[in-house]
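The values are calculated or read from the model by the stated rules, or taken from the named source; none is laboratory data. None of the values given here were measured: they were computed from a predicted structure. Heads up, the Cβs are rebuilt from the backbone with ideal geometry, glycines too, and the neighbour counts pull from every protein chain shown.
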Amino acid sequence: MISRTDLRGALPEDLRHVLPRAELDVEAALEKVRPICEDVHHRGVAAVREWTARFDGVELGSTRVPAEAVSHALAGLDPRVRAALEESIRRARLVHRDQRRTDVTTRVVPGGTVTERWVPVERVGLYVPGGQAVYPSSVVMNVVPAQEAGVASLAVTSPAQKEFGGLPHPAILAACALLGVDEVYAVGGAQAVAMFAYGTEECAPVNLVTGPGNIWVAAAKRLLKGRIGIDSEAGPTEIAILADATADPAHVAADLISQAEHDQIAAAVLVTDSPELADAVEKELPGQVAATKHSARIAEALSGRQSGILLVDDLEAGLRVVDAYAAEHLEIHTADAAALAARVRNAGAIFVGPYAPVSLGDYLAGSNHVLPTGGCACHSSGLSVQTFLRGIHVVEYDREALAGAAAHVSVLADAEDLPAHGAAVRARFAPGELPALTDWETPA
């Protein structure tokens, strides 16, 4: 059901080439989404409707969801689901409110200051997946940090669902209503990202697109990055588990299965120095998979090239492997899990010990589940308030402070063969008012 790779012995210098990855990666998907995005760019909403009909089997009248449909979905929401979503929102707000940035002013010299001012992005497009599963939790994870950052204009999009009359899933609409978001679109896939990037007759363009999605959404975000900002390439989900002989194989198997449930190309990877644990997990998987609702989907994900059990010599080697893998979700099931977790450098989110499974983070830990995938956690972060803020440096110098910098500016400008830079500073002073360059010394 799941492959095993023996990495015991000397680990290769570049581990990335021996780690399990999906055959279809974002780079390979770029050329497939390019014509879709270009079509939306040139033909606007007509192209969005046509691609939606082709991929989702829905003929849209308007891409925007009527406000009454959003409020109606909340009225019909199962009270238990509503209570769970409200608690998820409450916990997410606690965590994300503490991420708010404050302006900081630094006195560089007397009369000269630099202030870093944090300004929210003006308008964002928030992508919420649909299809094989429904993700009202992703509405929470997108909207809460954007609201806490102070973003003025929020638009949510989620794929049109044929069984719901061309609207997104009612649970997604209800989550939007709970959060006070009424600008919602029934568009998914690459065409949704292009709609946000270029704008259409029905949707104003945005500055930033965030949210998880399938490989096509991730590819469109990469393609259009630059025209829009993106959070990260949050594509098909993945879990890595670093475990030793103290781990409970039933817990490990259940957590691998929980992420494999998302998609046939979801990745589930166990890294362990214990052959006995590997054997026990392999024995656990068939029975647990057979007992789940989506057993066929899970079995396909676990048996795919993107999943596997990796045997290593020891936990030091295991740390090297998980850092090279840079998982979206990394669980640590070891005797001293907290100490090992503190040494991990590359992961979207780290779940420490047997009572912090990824499933908790997906819904109710208070952390954000929109995380970088495909190895991007080595350079990208998960969604946070910071994602929606821009730092702007505000420079204020008085005349005396500028005079004190003039000689050094001139020297550096001449060194870079940009003499007009120095001249622009000297133009503010009368001839002879500034000391000769030879008189200047570097301040202590």
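General remarks:
- Yes/no for residue 92 being surrounded by 15 or more Cβ atoms within 10 Å (Cβ to Cβ), touching a residue at least 12 places away in the same chain (Cβ under 8 Å) and of a type in the set (Gly, Ala, Ser): yes
- Residues of the range 412-444 satisfying the condition of being outside any loop (DSSP other than H, G, I, E, B), modelled with pLDDT of 95 or more and acidic (Asp, Glu): 414
- Restricting attention to the range 207-221, the residues that are in contact with a strand residue (DSSP E or B) (Cβ under 8 Å, 6 or more places away or on another chain) and either surrounded by fewer than 24 Cβ atoms within 10 Å (Cβ to Cβ) or not aliphatic (A, V, I, L, M) (or both) total 7.
- The range 159-179 - residue that is in contact (Cβ under 8 Å) with a residue 24 or more places away in the chain, part of a loop (DSSP other than H, G, I, E, B) and out of contact with any Cys (no Cβ under 9 Å at 6 or more places or on another chain) and, of those, nearest to residue 85 (Cα to Cα): 179
- Residue count for the range 318-348, restricted to those that are assigned to a loop (DSSP other than H, G, I, E, B) and of a type in the set (Asp, Glu): 1
- Criterion violated by residue 196 - all others in (1) surrounded by fewer than 24 Cβ atoms within 10 Å (Cβ to Cβ); (2) not in a loop (DSSP other than H, G, I, E, B) satisfied: (1)
- Matching option when the condition is surrounded by fewer than 15 Cβ atoms within 10 Å (Cβ to Cβ), closer than 20 Å to residue 183 by Cα and not assigned by TED's automatic domain parsing to the domain that holds residue 374, among 76, 57: 76
- Yes/no for residue 46 being part of a helix (DSSP H, G or I), aliphatic (A, V, I, L, M) and surrounded by 17 or more Cβ atoms within 10 Å (Cβ to Cβ): no
- Within the range 117-168, the residues that satisfy the criterion of being farther than 22 Å from residue 389 by Cβ and charged (D, E, K, R) are 162, 163.
Rundown of residues vs (1) over 16 Å from the mean Cα position of the chain (by Cα); (2) under 17 Å from residue 126 (Cβ atoms); (3) at pLDDT 95 or above, yes/no style:
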residue: 196; (1), (2), (3): yes, yes, yes
residue: 203; (1), (2), (3): yes, yes, yes
residue: 209; (1), (2), (3): no, yes, yes
residue: 248; (1), (2), (3): yes, no, yes
residue: 262; (1), (2), (3): yes, no, no
residue: 270; (1), (2), (3): yes, no, yes
residue: 276; (1), (2), (3): yes, no, yes
residue: 281; (1), (2), (3): yes, no, yes
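- No other residue among 8, 64 is within 26 Å of residue 375 (Cα to Cα) and charged (D, E, K, R) apart from 8.
- Hits in the range 272-306 - residues which are assigned to a helix (DSSP H, G or I) and of a type in the set (Gly, Ala, Ser): 278, 280, 287, 290, 295, 296, 299, 301, 303
- Only one of 126, 77, 94, 85 that is modelled with pLDDT of 95 or more, more than 30 Å from residue 402 (Cβ to Cβ) and part of a loop (DSSP other than H, G, I, E, B): 77
- Residue within the range 392-408 that is touching a helix residue (DSSP H, G or I) at 6+ places or on another chain (Cβ under 9 Å), part of a helix (DSSP H, G or I), loosely packed, with under 11 Cβ neighbours inside 10 Å and outside the structural domain of residue 127 (by TED's automatic domain parsing) present: no
- Check on residue 59, acidic (Asp, Glu), within 28 Å of residue 185 (Cα to Cα) and not in a helix (DSSP H, G or I): yes
- The number of residues in the range 239-254 being surrounded by fewer than 24 Cβ atoms within 10 Å (Cβ to Cβ) and part of a helix (DSSP H, G or I) comes to 4.
- Residue count for the range 102-135, restricted to those that are out of contact with any helix residue (DSSP H, G or I) (no Cβ under 7 Å at 6 or more places or on another chain) and over 25 Å from residue 196 (Cα atoms): 12.
- Looking across the range 211-238, the residues that are basic (Lys, Arg) and either within 17 Å of the chain's Cα centre (by Cα) or in a helix (DSSP H, G or I) (or both) come down to 221, 222, 225.
- Pair list, Cβ < 6 Å and 6+ apart or interchain, from the range 128-148 residues that are in the same structural domain as residue 174 (by TED's automatic domain parsing) to residues that are surrounded by fewer than 24 Cβ atoms within 10 Å (Cβ to Cβ) and of a type in the set (S, T, N, Q): 140/88; 145/384
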